[in-house]
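Below is one structure, written out as structure tokens; comments come after it.
The values are calculated or read from the model by the stated rules, or taken from the named source; none is laboratory data. Remember, predicted model here, so these are calculated numbers, not experimental data. Reconstructed Cβ throughout: ideal geometry from the backbone, glycine too, with neighbour counts over all protein chains shown. SASA here: full protein model, heavy atoms, side chains in, ligands and nucleic acids out. Shrake-Rupley method; radii C 1.70, N 1.55, O 1.52, S 1.80 Å.
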Amino acid sequence: MNNDFKLLTDLFVETQSGVTERIKNAEIELNQLSEEPNFYLLLLQYIESNNFDQVYRQLATLYFKNFTIKNWYEEDEDGDILPSKIFNEDDQNKIRKNLVNLTLTTPRLIQNQLLEVVKKIAEIDFYENWPDLMTQLTSKLDTDNFDVINAIFSIMNMIFKNYRYYTCSDELLIEVDYVLKAIQETLVKMLEELTNFFDNIKQSNDPNKQSQYFRSLKLVSKIFYSLSCHQLPAYFDTHLDSFCLMFEKFLGYNNGKFKSQEREVATELEKLQTAICKNINLLTTKYSEDFNKKVTTFLQSVWKQLLRLDLKTRYDKLVIEGINFLTSVSRGEHRDWFGEADTLKDICENIVIPNLYFREISEDIFEAEPEEYIRQDIEGSNENTRRSASTELVRSLNNYHEKAVTEIFSEYVFLMLEVYQKNKTENWKSKDAAIYLVIALTVKTKTQASGATSSNSLIDITSFYQDHILPEITNNDSHPVLKTDSLKYVLTFRTLLEKNIVSDLMGTLVTLLESQSYVINTYSAVLIERILAIRELENRKPRFNKDDIKNGLEILLTNLFAIFAFEDEELNDYVMKAIMRVTAVSKDYVIEVSEPIIGRLSEIVLSICKNPTKPHFNHYVFETFASIIRTFNYYKADLTIIENQFLPIAKTITELENQDLAPYVYQILAQLLEGRTQKDFEQSNELKEFYFEFLLPKVLDQESWKSKGNTPALTLMFQAYISVIPNLLVENGYLENILNYFLQMVSRRVHENDAFKILDSIYLHIDVQSYQSYLPDIFKGIFDRLNLRQTDKFIRLFNVWLSKIIGKHGVILVIEAIDSIQKNLFSNILSSIYLKNINKIQYPIHKKAILVSLLRMLTDSNVMINDVYSKIWPLILTEIIKILENVREQLPKNNIDDNDFEIKEDISFSTEFSKLMFTHKRTKDFFPEFTEPKNSFIDLITNFIKNNNGFNFLQLIQNQCPEQYDDIINYLNNLQISFN
């Protein structure tokens, strides 16, 4: 053992030698040592021992943390948790048994690392695999050592705070109840003891002891919040007075004895007060019946705190939570407290306006970090700020006291505007605050896509725009912040302002794109993009179309692209998104100016493929490509101009196997390929050489499929190949290769959607004779997955696809394929999987496929009324009737313009794969001719009965559906269908 300890020490010494080769060799030896049995026990003993230098104990702790977190469990390709390959069950039990005690008895720096290990293990194992964790923790609380107490509370807090972000469910409440039974009595007892210990703390001359004490109470407050955020525990409700006594005692406490001079970092007392405000806000909003009598007391305390606190950054969180509490109270039973004119004046003058004012820290960000300023201001990442909290308070007050609030707060608006007019250079912050106050007063409802959707009728947004906003936008000498504020005003009310007002502004915005100010040119680009995205609130139709931007299209795109030449703006994703929007809205007009656009985009792709650091920017670059290609394909324009510039770049990226960009490139290539025809390939050697000789082998190469992000994109490539050159694929034997990938994908939950997309494409574009021989293998792959893991989603995917096959090719083909695997297997699948689950399918096009399939099974062949299927035939009839009873007489044809769709605003980004929305295709209606379901049913079943004259259908229905028999016969009689 001593030799092992010495070896560890020697290796840790080497890792700190500063010599690259020695460090590398030591790390290799450590990794080899980690493969030895009980290596983790050796590390734990080393960490626990006081015989080693603390530096090396810290290194051992860091290694233990990384080793344990990495190997505690395995994760399969679908993200499911599997047992660890390194730690067996006995190993894990030993660690869980000793880890808490070790964490509580080690120095702070080591403890912090071990806390992360406890948290990670608890996230996986608590509470089912670590049921005694809470008992381990509470048993150590019988101490006056604040280091130990706070370590215990920290562990609890780390585990419990996850509950805040979970959806309330029976499973979650059961776990919370388990926790409460283990800790609630001890927690409340500790709370009461800590509260009573306050007098001793006040007399202490040790600032560290006071800080530790307040930290304990802060952690108790956070634990209370986490365990109460979904449902107030009965034990907490019974002892609510104990919690409220502590909340009240410390919320108003001002520790003058050890007054901090720190401007940035809050003290532990201030953090405690912040946690208290968060708790009383929770009690006010969710548990008002229990807390109602105490609201007034806390209202006074919070009010005093807000008046006392200045604009130091360290107070931000406390001020925000305090204002949030006022907002919650203003919405509840005590809202009338805010209705008095004097109260409203106090709120506006002493709370709202000071916290709306543009702060020095915001000035610094505006000038030094303009991209961060934009992100905070536009994307709402600054929602937890003094300004946003004040805005929400104003909106809440306005909801209940609109006339009084509007009149009183408007007076302050005009006072601030007057101050600005006296000295525009010095007093610009007054107008900044005035604009934000007007926005807060005016917006009643809003969405991310539309901005404000309804406004305060007492405020004329157009007049304020004309008098105070437009002058700032058009005046070259306006302060940059005020110009930005004014652009934000238009951005906020873009949907409510008349079209002509916004249209008139477009020329100015195009000019502002030339501004050297990052914030101004970017905000202008954002506003242009958002204006072009406006949809009418009544019917969701676009307000602006291609004709609105036709005349200025070229200069608009020129100015947008020119921004990338400005300092620090070469990867401005807001500008790239604006370019994407312009190309989408301009429709076929973009074709006329596409050559320089494609050229610039190609240059950008070449640039970012060397170092793709900004995923949003990358995404919008390829979205712009996809937008233009979509337009070319829709209007059947010649793709050569795009292919000449993009295909060489695509070849480079796919050869380099750039994991960041390859999924995008494959999506674009699929889109380009779909714009071609079989005839194009016959006439162009260049196309055949690139797509068939270079790209297809690449797409079929296993190496390309090793990246998770490539799989959905390569699936699109398969779909494109199958739709454009199906004969070439079949003739050259590539169909089998594609189906092998289908079998790989269908076995994995993460790629099951893609698997069925491949089958859909084969079904649509390849003759059934070409793939009929593969059907048994296809079905076997699907059934293997069903046996391994059944989910509602997979069953739905299978049932819809099975319906399409039967609907198009009939039931006999499917019976022969499935029963070749096992006799009468189709009968089992039909009764246990298909008929039991088709009622869960509600999407109209898929529902139609189900109905067509059922009709064909019912009437295609007399096989379905003989042998094993005779028992199922009446069940099929019953399902058809259920659908027909809820379906319209005539189904609409899918004649929607595929080039007119609403662009989603919530584009999702993934480190592996991000779908390009402009490659989106509407769900295919596989049976467009099937529009009169009831008439089709009548014709089909009537002919079937006629062709099977003499068969006793009534007896069959009576035997299999005795309870539904009368209803079935009555329904058929109403349709004048007779079995006689």
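Some observations on this one:
- Note: relative contact order over the stretch 1-103, using C-alpha pairs below 8 Å and six or more positions apart, is 17 percent.
- With every protein chain in place, the stretch 196-341: carbon and sulfur % of accessible area (1.4 Å): 44
- Ellipticity estimate at 222 nm from DSSP helix runs (n ≥ 4, -39,500 (n - 2.57)) divided over the chain, nearest 500: -20000 deg cm²/dmol
- Given a 1.4 Å probe and the protein chains as shown, GLU514 ends up with an accessible area of around 100 Å².
- Its relative contact order, with pairs defined as Cα atoms under 8 Å and 6+ residues apart, puts the chain at 5 percent.
- Heavy-atom surface analysis with a 1.4 Å probe gives the stretch 1-146 a carbon and sulfur content of 45 percent of its accessible area.
- Shape class for the stretch 1-140, computed from the alpha carbon gyration tensor (a ≥ b ≥ c): oblate, with a/c not under 1.5 and a/b at or below b/c.
- Relative to the dominant Cα principal axis of the chain, helix 752-765 is inclined by about 30°.
- Cα-based helix-to-principal-axis angle, 710-724 vs the chain, degrees rounded to 10: 30
- A straight line joining the Cα centroids of the stretch 782-848 and the stretch 81-135 runs 45 Å.
- Taking ASP316, ASP867, ASP701 and ordering them by how much accessible surface each has at a 1.4 Å probe, largest first, produces ASP867, ASP701, ASP316.
- Heavy-atom accessible area per residue - the chain, 1.4 Å, Å²: 46
- Electrostatic tally near GLU655: other residues with Cβ closer than 12 Å to its Cβ, Lys and Arg +1, Asp and Glu -1, net -1.
- Heavy atoms of ILE555 accessible to a 1.4 Å probe, total area in Å² rounded to 10: 90
- Correct option for volume of the Cα convex hull per residue in Å³ [calculated from the coordinates] among (1) 333; (2) 277; (3) 235: (3)
- SER627, SER978, SER870, SER773, ranked by accessible area, largest first (probe 1.4 Å): SER773, SER978, SER870, SER627
- Local electrostatic count at SER330 - Lys and Arg +1, Asp and Glu -1, tallied over other residues with Cβ under 14 Å: -3
- Put simply, when 423-434, 834-845, 796-807 are sorted by average Cβ atoms within 10 angstrom per residue, most first, you get 796-807, 423-434, 834-845.
- Area accessible to solvent at THR20, 1.4 Å probe radius, in Å²: 110
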